[in-house]
1. What does the charge count around Ile111 come to, taking other residues whose C-beta lies under 14 Å from its C-beta (Lys +1, Arg +1, Asp -1, Glu -1)?
2. Keeping all protein chains in place and using 1.4 angstrom, which order do Leu36, Leu101 fall into by accessible surface area, from largest down?
3. Of Phe102, Phe135, which has the most accessible area with a 1.4 Å probe, and how do the rest follow in descending order?
4. Rounded to the nearest 10 Å², what accessible area does Arg97 have for a 1.4 Å probe in the complete protein model?
5. Kindly report, to the nearest 10 Å², the accessible surface of Tyr47 as traced by a 1.4 Å probe over protein heavy atoms only.
6. Using a 1.4 angstrom probe on the protein heavy atoms only, line up Lys116, Lys143 by accessible area, largest first.
7. Once phi is turned into θ = phi - 60°, what whole-Hz ³J(HN,Hα) does the Karplus curve with 6.51, -1.76 and 1.60 give for every residue of segment 92-107, x standing for Gly and Pro?
8. So, with a 1.4 angstrom probe, what is the percent of accessible area on segment 60-130 that is carbon and sulfur?
Amino acid sequence: MNLKYFAKVFLVCIGFVCLFNHSSYTKTLDETSFPLPTERLAVSLIYQTIITINNASQSRDYSVLRALSAPEFQNKYSLQDLRNTLDGLQANKVNLREMTLFDPVIEKKQILQSEKIFRLKGYMPTAPIRMRFEFQYQYVELKWRLFAMSLDFVRDEVKSAKKTLTEKGI
């Protein structure tokens, strides 16, 4: 009986020690600070955004894309604005999900501390058409949420030039 009593007291004491020491192991965020994004998080945000845009385009339902975005994005773009902007993806039978098979090349990462904005600019290394992107995320309610986006599809000039030279026998 003494052993059971000792074990219970020991577990309760350990619980109190963990409870009171918990704050020393976790970093609390005040309203002016936010966690700096890692490379892994940057890649994850890119993939997540591409898949969300693709799902919205394929289903022609932009409500989830809008709901997951930062409040300023929601205020700026209505569902009709998103539909008008992104319907071209479906019309041209663009499947962005295929882009997630490639590792994004991030050319520029920028953090705007005052607005809690994380900016990513780069491309997906696909050929012959390359998708260039610029995504901005705002730290809102302990999450990085889409704040602005730009997608551009361009012909890969390096491969196009090599193909032209090869065709000419050079």
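1. Net of charged neighbours comes to +3.
2. Solvent-accessible surface, decreasing: Leu101, Leu36.
3. Heavy-atom accessible area, descending, gives Phe102, Phe135.
4. Surface open to solvent at Arg97 totals about 100 Å².
5. Counting only protein heavy atoms, the figure is 50 Å².
6. Lys143, Lys116
7. 8, 6, 7, 10, 5, 4, 4, 5, 6, 7, 10, 7, x, 9, 9, 8
8. 49
The values are calculated or read from the model by the stated rules, or taken from the named source; none is laboratory data. Nothing here was measured: the structure is a model prediction, and the numbers come from that model. As a convention, Cβ positions derive from the backbone with ideal geometry for all residues, glycine included, and neighbour counts pool all protein chains shown. Only protein heavy atoms, including side chains, enter the accessible area calculation; ligands, DNA and RNA are left aside. Shrake-Rupley method; radii C 1.70, N 1.55, O 1.52, S 1.80 Å.
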